[in-house]
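Data block below; observations after.
The values are calculated or read from the model by the stated rules, or taken from the named source; none is laboratory data. Because the structure is a prediction, the values reported are computed rather than measured. A quick note on method: Cβ atoms are made from the backbone with ideal geometry, for glycine too, and the neighbour counts reach across all protein chains shown.
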Amino acid sequence: MSFDYLIIGNSISGLTTAYRLAQLATHAKIGIVGPAARTGSATMAAGAMLGLFGEVTAENYADHYDRAYFELAYHAQSMWPDFIDEINSQVDPEDSVQIHPDGTFILFNTQDTHDYHAILSTLQEYKEPYEVVAPEDIPGLAPEQSACTSAGIYIPRERSVNPIAVLQALEHVLKKNPAVTQINDTAVQLCTTQPDHMAMAGVRLSNGDLLHAGQVILAAGVGSQDLMDTLPGLAGRIPYLMSGDGVSFSLDQQALGSAQIQHVMRTPNRAGAYSLHVVPGVKNHRFLYLGAGNIMQWKPQSGTSVGNTACIMRNSLREISKHLGNARLLRLNRGNRPTTVDGYPLFGACTCIAGLWLLTGTGRDGFQRSPLLSWHMARKLTGTTTSSAAEQTTRAIFEAFSPERPPVQTCSQAQAIAQLQHDIDRARQHKADGILTAELQTCLPDRLYAEISRVYAQLDTNLALPSMTLLPILCRRWPIDSLKSYLDAAKHCHPVRSAAAA
Ligand SMILES: Cc1cc2nc3c(=O)[nH]c(=O)nc-3n(C[C@H](O)[C@H](O)[C@H](O)COP(=O)(O)OP(=O)(O)OC[C@H]3O[C@@H](n4cnc5c(N)ncnc54)[C@H](O)[C@@H]3O)c2cc1C
């Protein structure tokens, strides 16, 4: 089989891109490859909060790149209502998707003061409607005495959807389009033109079939890294894609009676992208989503972390509602957040192999941005431009996240070390023990500093690395050699810019 465009990955990034591409390239043949079960897909485990202000932290809003990434979320937010209406107009009423009509309560305790001020000032800067709410006025909030919320903010436009309903509706729409073929299989190899290897030729499937395509879009989440590894020439050119091992739970909250939770409630993001959040069902009010931890792994792992699972359960009962203990656990959801070693996404074309594109690395909030990211990708793929001011702004931002780059640098190595110490401190304060080893939970500051310095010395790098990337090494979750090999390869591929980071 041959296609004009072949998309690898069948979750939110892959399906939204196929959908927009089919609108812009009406005569093109589009293939989507991905296993129907979508095991390990981040989308399938997501709370699908459509929030952005609740994602702001005192640390992550400080630099140019974080601001740029936030801007994408800001533009994406206003696209959701029209996007959902558009899809609903093409599916049967029983398959339609609803956005939850209510907004999000953000819960702060005394250790979250800096994040509270960061969120508040961002809301004001963007003139986003919000309300400061007393904890006793937050419906459904019932923390234990020792973990009381000290302040709350209600953001009416931070809504949520059911991600599985969105995927199913998109699948229905795409199925009706004769130009689109959905292939229930896994890609195992990227194939380039022979003998020069300068351009994409197609993709090999696990059943041995070769699909021919000159334009291949990797939207396979963490699976994208294994596919890139099949082209040795890419090593070090693109920031390595790790797996943010996430876990969430589907609950039946009927037994909570009048204590049932009807609104999204969430804490700010804490060390290791860990935040507690509950998301009630839109169509089924008995349903409650509870999430979500994040344990970084170099490669996706089977199963899930017991510590992480216990930590979310215990802390949500402490901080959100002690009545949650009466809920029934229906399902444990596992998803791998595609997260790069520099913490920033990968959008756009690879320059070293013509026809290879990436749309991944969206970490903990790629679902919310998907309506915007898919438009951008479809326009880039088809060479379509518009003159809208919003598009001009976002186009410049997308360029900053082009895949072939050395790790993005937003601070000095000394600042990165201080940040990591601070994050470990916060994880301890918030009892996020699932993300720390027993040793790190008690390690004294001098010892911790020495340990982090030793890791940097072993890595032999002058780069500053995000806490998310170094913490798992301190926790001995993966050997240092894997990160060192990537950094050595990146130094080789991007010598000038890596040196400039010194
Ligand atoms: C617990 C959790 C909670 C989250 N909460 C939110 C939230 O509230 N809001 C938000 O915006 N984001 C959230 N996220 C992040 C969000 O889910 C991701 O950023 C986004 O869904 C990534 O989508 P994706 O399609 O790029 O990747 P994925 O959803 O991971 O999908 C990748 C797809 O590619 C397929 N695939 C993999 N390898 C191959 C291969 N070799 N060949 C073919 N197909 C392959 C997989 O089967 C899968 O279907 C959360 C993530 C997790 C884990």
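Quick notes on this structure:
- Candidate set from the stretch 355-382 (those that are part of a loop (DSSP other than H, G, I, E, B) and more than 7 Å from the ligand (Cβ to nearest atom)); member that is farthest from SER275 (Cα to Cα): GLY355
- Selection count, the stretch 37-76, where residues are part of a loop (DSSP other than H, G, I, E, B) and within 16 Å of the ligand (Cβ to nearest atom): 13
- Here ALA28 fulfils each of the conditions (1) within 18 Å of ILE217 (Cβ to Cβ); (2) among the small types (Gly, Ala, Ser); (3) outside the structural domain of THR384 (by TED's automatic domain parsing) apart from (3).
- Residue match in the stretch 160-181 (condition: touching a strand residue (DSSP E or B) at 6+ places or on another chain (Cβ under 6 Å), among the acidic types (Asp, Glu) and either surrounded by 15 or more Cβ atoms within 10 Å (Cβ to Cβ) or over 27 Å from THR110 (Cα atoms) (or both)): no
- Remark: pairs (first residue in the stretch 476-496, not assigned by TED's automatic domain parsing to the domain that holds LEU234; second residue at pLDDT 95 or above and of a type in the set (Asp, Glu); Cβ separation under 7 Å; 6+ apart in sequence or on different chains) are absent.
- Single unsatisfied condition, ALA349 versus (1) touching a Gly at 6+ places or on another chain (Cβ under 7 Å); (2) away from the ligand (no atom under 16 Å from the Cβ): (1)
- All positions within the stretch 291-331 that are assigned to a strand (DSSP E or B), modelled with pLDDT of 95 or more and of a type in the set (A, V, I, L, M): LEU329, LEU330
- Restricted to the stretch 414-502, the set of helices (runs of 4 or more DSSP H) holding at least 2 residues that are over 30 Å from LEU317 (Cα atoms) comprises 445-459, 480-493, 495-500.
- Number of positions in the stretch 249-265 that are of a type outside the set (A, V, I, L, M) and surrounded by 24 or more Cβ atoms within 10 Å (Cβ to Cβ): 1
- Answer from ALA22, ALA18, ALA42 - the residue that is within 24 Å of the chain's Cα centre (by Cα) and over 30 Å from THR267 (Cα atoms): ALA18
- The stretch 200-215 residues that are buried (at least 16 other Cβ atoms within 10 Å of the Cβ), paired with ones that are part of a strand (DSSP E or B) and of a type in the set (Ser, Thr, Tyr) (beta carbon under 7 Å, 6 or more apart): MET200/THR192; ALA201/THR192; ALA213/SER2; ALA213/TYR5; GLN215/TYR5
- Pairing residues of the stretch 149-163 that are assigned to a loop (DSSP other than H, G, I, E, B) with residues that are within 16 Å of the ligand (Cβ to nearest atom) and basic (Lys, Arg), at Cβ distances under 9 Å and at least 6 apart in sequence or on separate chains, gives GLU158/ARG266.
- Within the stretch 1-36, considering residues that are among the small types (Gly, Ala, Ser), over 24 Å from MET79 (Cα atoms) and in a loop (DSSP other than H, G, I, E, B), the one nearest to the ligand (Cβ to nearest atom): GLY34
- Scanning the stretch 208-261 for residues that are β-branched (Val, Ile, Thr) and more than 14 Å from the ligand (Cβ to nearest atom) turns up ILE238, ILE261.
- Residues that are of a type in the set (Phe, Trp, Tyr), without any contact (Cβ under 8 Å) to a residue 60 or more places away in the chain and within 13 Å of the ligand (Cβ to nearest atom), drawn from the stretch 262-290: none
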